[in-house]
1. Kindly indicate whether Arg136 is over 22 Å from Glu110 (Cβ atoms) and either of a type in the set (Lys, Arg) or in contact with a Ser or Thr (Cβ under 9 Å, 6 or more places away or on another chain) (or both).
2. Can you pull out every residue in region 8-37 that is closer than 17 Å to Leu165 by Cβ and either surrounded by fewer than 16 Cβ atoms within 10 Å (Cβ to Cβ) or of a type in the set (Phe, Trp, Tyr) (or both)?
3. If we only count helices (runs of 4 or more DSSP H) wholly inside region 88-197, which ones have 3 or more residues that are touching a residue at least 60 places away in the same chain (Cβ under 8 Å) and surrounded by 14 or more Cβ atoms within 10 Å (Cβ to Cβ)?
4. Please pick out the residue among Leu85, Leu44 that is in a helix (DSSP H, G or I), under 17 Å from Leu106 (Cβ atoms) and at pLDDT 90 or above.
Amino acid sequence: MFLSEPASNEATSALFARDLADDGYVGNLTRLWAWRPDVFHAFLNARTLLTEKAALSLRERALLVCATAASVGDSYCALAWGTTLAAETDPATAAAVLQRTKAEGLTAREEALVAWAGQVARAPNAITVADVNQLRGAGMTDSEIFDSTVFIAFRLAFSTVNDALGARPDQPLAAAAPAMVREAVTYGRSVSEPPAR
């Protein structure tokens, strides 16, 4: 990343320890967000609050994140959530969404969510009621439309911080992604060197 690592303290040590316990290494985005662990936790809590009550499945959330990441060229989220989407669908579907091409096997609702994520990420002020009606036509309620839009916006905020300050996708994260997902992510920051253990 472009910033130095913050001074070690109880909050940063707890963040790093969690990554080490969960993944075996400290992720680059964790090192970045260690500048404000309180804000990082607040973001995670807000996202949890949204997703716990939203009628969006993990598969739908993965579609939203992958379509958003592809629209803004965010390689970090594309690799992380592309792996999740591949597990929820298949690697070919994940790769298609990550390349912003037609993904076979998606429902009308899922196709509408993918299109919506692209619209919100690229040109929210160009959206019209006709675009919202496309979502309604795919069976989405206004509550689901609101929740999916907030989820996209949360991802955009998180990605913007990571990308602007140079957080590169972790090598183990990329290595764990299916080959088709890795090959589809031709944008964004390059994968970092393997982490020191």
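1. Values: over 22 Å from Glu110 (Cβ atoms): no; either of a type in the set (Lys, Arg) or in contact with a Ser or Thr (Cβ under 9 Å, 6 or more places away or on another chain) (or both): yes.
When the stated conditions are applied, Arg136 does not pass them.
2. Pass one, region 8-37, residues closer than 17 Å to Leu165 by Cβ: 12, 15, 26-37.
Correct list: Trp33, Trp35, Arg36.
3. On the way: elements: 91-98, 108-122, 129-137, 142-164, 171-176, 179-184.
Filter on region 88-197 gives 91-98, 142-164, 171-176, 179-184.
4. Numbers: Leu44 fails: under 17 Å from Leu106 (Cβ atoms).
Result of the check over Leu85, Leu44: Leu85.
The values are calculated or read from the model by the stated rules, or taken from the named source; none is laboratory data. Note that the structure is predicted; figures quoted are calculated from it, not measured. All Cβ positions, glycine included, derive from the backbone under ideal geometry; neighbour counts span all protein chains shown.
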